[in-house]
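First up is the structure itself, then whatever we jot down about it.
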Amino acid sequence: MSQLAKRNTVSLRREWRLFDRDHAKPETFLKLCERMIEVGEFLLAHDVARAGLKNYSNNKALAQKAAHALCKAGSPFTATQVLEEFISTGVSDVETQSLLASAYKDLCENTTDNSKKQQYADLAIARYEQAYFGKNFSGDGDTHTDADNLYYPCINIAFMHFVCMNYEKAREYAGIASQMCLSILEQDESNYWVRATQAEAFLLLGRIDEALDAYALAVDLASAKPSYVASTRKQALQISSLYEDESIRKRIVDAFPTLGIVACSGHLIDTPGKSRRFPQEAELIVRAKIEEKLDFMGATCGYSSAACGTDIIFLEAMYERGGETHVFLPFAKEEFIHTSVVRGGGDWVARFEKVLDNATSVHYVTNEGYYGDDTLFSFCNDVMLGFAAMRSRGLDEVPNLLLFWDGLKGQEGGTSQVAQSWKETFTDPVVINSREVLELLDQIEEPPIPKGDTKPIFVKSFGDSVTALRSVKTMLFADVEAFTRVKEELTAQFVEVFHGGVAKMMKELDCKPDFVNSWGDSFFAVFDDLNDALNLAINMRDFFGNGNWPELSETGNLDVRISMHAGPVYEEFDPLLKKRNFFGRHVNQAARIEPIVLPGSVFVSETVAALISYRYGDFDFEYAGNLELAKDFGSYPVYILQRKGY
């Protein structure tokens, strides 16, 4: 299978932006959704299916695709809710039952609670058996064989029994699934899922060499989409990890290609008066080394900022090899050009515009200006790496980080900071040593001449004479869903429970919030540390939702709605409160999420979800959708915060 085939994600995103959502037929929604799933754009696929369901609420295929995309995006719990509700309407076909079983299977894998793990395993087996036996036997007891529909639930019954250590049952169903696949392949040898299922059956039966041969045939098929291979690989690794012979897992790992998710960072083109790290004449050498590393990593999906030098060269190389390119800018485009692009001279600005035009997506940490706030570069790096981690989570692979770096500690937001934070979360980055490039360059009598004018331009940065009034913070808003039903005479008791409970929880945090305010049942806090904000949010959710307050609420619960967002905000003296307060668009965004939160839940922005994926392993999230925020703030991706292993 060629992982370097031309990607179509850019055109898919543009197609969705121009899509006629009011008049499109369900088949049109479905086709676009399927194409997005094929390339691993699971969250976007869910949004398409969900939009289609607004117009065609009873469309089975759209409901199935919405749930399937959620599972692939790492949101199996939400998928079970969607499918259980759908099945309650009377739908009970093989595919719907199998999708629901698959969601329970993912929950079984994700949870760290042993009792819940067994519960989810039992639910998965029960749903797979309903799909298999419901189709396989008629009311009069006659056996029907419909291999095209039944091999999928059959192999998954085998898989669930295997992970539950019911090996005899696992072998029984694996043998049946293998025979089903053999009969289908006699008619059609190019069916990816059947070939992959046959390989899995061999693996469950302990026929390792035959499994490896079958996997090799499967991934080499033209129909082997990246998301298909990722799903197959994940299940194969789960099975092989349960064998005592550790070499089996290693052989399985080597049998599969990966999508090749690569984030990149590195030195900018040198400017006058600065240390020599990336002279313009070294560009062709650096480009060749970047292309070599991308080939080695099998890169097809790239994440980077777009400064002159390493970033732009990487994005150009990724686009030329047919890969996705996801660009991240720390602030407004024109100011970024001035601070980080025009300094390179030559045609760097034109190349910057071109990589943005060719990008699969462009993300701004903030749409506002720079104002001398260098923390925005660090924050942008963390968000960019978080998005790479989110994508790899959906495809069950470890992302790579490529650096062009001299190995020395640099300024805030620089390559050294990126390297250090990456090591703390993943493996060592792949490094192109800039000092070795300089040595090679000095050995060349006539250095290669890159395109465009080689003379760099010295540019005084925006905000050099401006004191930064902003800093990156995490904002938390909360209110109590049942507050309006609390009797007036119980107001003092409510204040004691709600305000007193929150105050006690804040005392247990490692660092106190930078700012706290409250009004009635509402609460607002600003944090320097995202981890403290996440802990407080989850603790508040559980304390009030799992408590017993019969005197204050008919249900006995005080379900809170909590929202969180992170970004650069302004800190100013508030003449009303007589103390420092926080303002700005990112404060507003956190506030606008809160009214749409489901009672008893914590909703977070995509920025927070990305940061969790990258550096906060004690927490997890599920995708809620691209939702309209309150007060016409716009539509944004929103996630439901959870503890890891929920």
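Every number here is computed from the coordinates shown, using simple stated rules; none is lab data. Given the structure is predicted, the values throughout are model-derived calculations rather than measurements. Here the Cβ positions follow ideal geometry from the backbone for every residue, glycine too, while neighbour counts run over all protein chains shown.
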Query raised in the report: With the contact rule set at Cα under 8 Å and sequence spacing of 6 or more, what percent relative contact order holds for region 92-254?
Result: 15
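Given a cut-off of 27 Å, name the pairs among K169/K644; K116/K234; K54/K333 whose C-alpha atoms lie farther apart than that in the structure shown. Could the numbers behind the result be given before it?
Numbers: K169/K644 31 Å; K116/K234 21 Å; K54/K333 35 Å.
As for pairs spanning more than 27 Å Cα to Cα, those are K169/K644; K54/K333.
Would you mind ranking E436, E283 so that the residue whose beta carbon has the fewest other beta carbons within 10 Å leads the list?
Numbers: E436 13, E283 24.
The most exposed by this proxy come first: E436, E283.
Filter the chain for me: DSSP H helices, axial length by Cα at least 27 angstrom, mean Kyte-Doolittle hydropathy not below -0.5. List them by residue number. Write out the running numbers ahead of the final one.
Working: long enough: 114-136 (32 Å, -1.20); 375-395 (31 Å, 0.70).
Qualifying helices: 375-395.
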Report summary line: If unit charges are put on Cβ atoms (+1 for Lys and Arg, -1 for Asp and Glu) and the dipole of the chain is taken about its Cα centre, the option from A288, G625, V349 lying farthest towards the positive end turns out to be V349
Query raised in the report: From the Cα gyration tensor of region 256-324, with a ≥ b ≥ c the square roots of its eigenvalues, which class applies: rounded if a/c is under 1.5, or else prolate if a/b is larger than b/c, or else oblate?
Result: prolate
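Using the Cα centre of region 470-643 as the reference point, and only Cβ charges (+1 on K/R, -1 on D/E), how large is the resulting charge dipole? Debye, rounded to the nearest 20. The partial results should precede the final answer.
Numbers: 17 positive and 26 negative charges, 90 e Å.
Result for region 470-643 is approximately 440 debye, rounded to the nearest 20.
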Report summary line: Residues whose modelled amide H sits under 5 Å from the amide H of R643, counting only those 5 or more places away in sequence or on another chain, are D620
Query - Structure-based [θ]222 nm, the chain - -39500 (n - 2.57) summed over DSSP H runs of at least 4, per residue, nearest 500 - result: -16000 deg cm²/dmol
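Normalised by the number of residues in region 261-442, what is the relative contact order in percent for Cα pairs under 8 Å and 6+ residues apart? Provide the component values of the computation, followed by the final result.
Working: 314 pairs, mean separation 48.4, N = 182.
Worked out over region 261-442, it gives 27 percent.
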Query raised in the report: To the nearest 20 debye, what is the magnitude of the charge dipole of region 345-442 about its Cα centre, counting +1 on the Cβ of each Lys and Arg and -1 on the Cβ of each Asp and Glu?
Result: 220
Query raised in the report: In nm, to one decimal, how far is the modelled label at E320 from the one at A126, with both set 7 Å along Cα→Cβ?
Result: 5.8
**Report entry** Cβ-based exposure ranking for L629, L182, L99, in which fewest neighbours within 10 Å come first
**Finding:** L182, L629, L99
Report summary line: Least to most buried among R277, R195, by other C-beta atoms within 10 Å and fewest first, runs R277, R195
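How high is the relative contact order of the chain, given as a whole-number percent (alpha carbon pairs under 8 Å, six or more residues apart)? Provide the component values of the computation, followed by the final result.
Working: 1186 pairs, mean separation 71.3, N = 646.
The value is 11 percent.
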Report summary line: Checked region 261-442 against the a/c 1.5 cut and the a/b vs b/c comparison, axes a ≥ b ≥ c from its Cα gyration tensor; verdict rounded
Query - Prolate/oblate/rounded call for region 14-58, Cα gyration tensor, a/c under 1.5 rounded - result: prolate
Query raised in the report: Which listed residue (F331, W405, M318) has the Cα farthest towards the positive end of the charge dipole for region 261-442, taking +1 on Lys and Arg C-beta and -1 on Asp and Glu C-beta about the Cα centre?
Result: W405
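Given a Förster radius of 30 Å and the C-beta distance between L509 and V398 as r, what FRET efficiency does 1/(1 + (r/R0)^6) yield to the nearest 0.05? Intermediate results must be reported in sequence, preceding the final value.
Details: r = 32 Å, r/R0 = 1.05.
Given R0 = 30 Å and the Cβ-Cβ separation, E is 0.45.
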Query raised in the report: Taking R0 as 35 Å, what's the FRET efficiency between S183 and T112 from their Cβ-Cβ distance, rounded to 0.05?
Result: 0.30
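What full-extension length gain, to one decimal in nm, is calculated for S275 and R17 as 0.36 nm per residue of separation minus the Cα-Cα distance? Don't skip to the end; give the middle numbers.
On the way: separation 258, 0.36 × 258 = 92.88 nm, distance 4.44 nm.
Full extension of this stretch gives 88.4 nm more.
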Requested in this report: Would you mind computing, in nm to one decimal, how far apart the modelled labels at V495 and K60 are, each placed 7 Å from Cα along Cα→Cβ?
Outcome: 5.8
**Report entry** Surrounding net charge for F515, when Lys and Arg each add one and Asp and Glu each subtract one, Cβ distance under 14 Å
**Finding:** -2
Query raised in the report: If you place +1 on the Cβ of every Lys and Arg, -1 on the Cβ of every Asp and Glu, and leave all else neutral, what size is the dipole of the chain about its Cα centre, to the nearest 20 Debye?
Result: 780
Query raised in the report: For Cα Rg over 2.2 N^0.38 Å, the choices are [x] 1.04; [y] 1.24; [z] 1.12; which was calculated from the structure?
Result: [x]
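What is the gain in length, in nm to one decimal, between L577 and N546 on full extension, counting 0.36 nm per residue of separation less the C-alpha to C-alpha distance? Working shown, then result.
Values: separation 31, 0.36 × 31 = 11.16 nm, distance 3.35 nm.
Computed gain between L577 and N546 is 7.8 nm.
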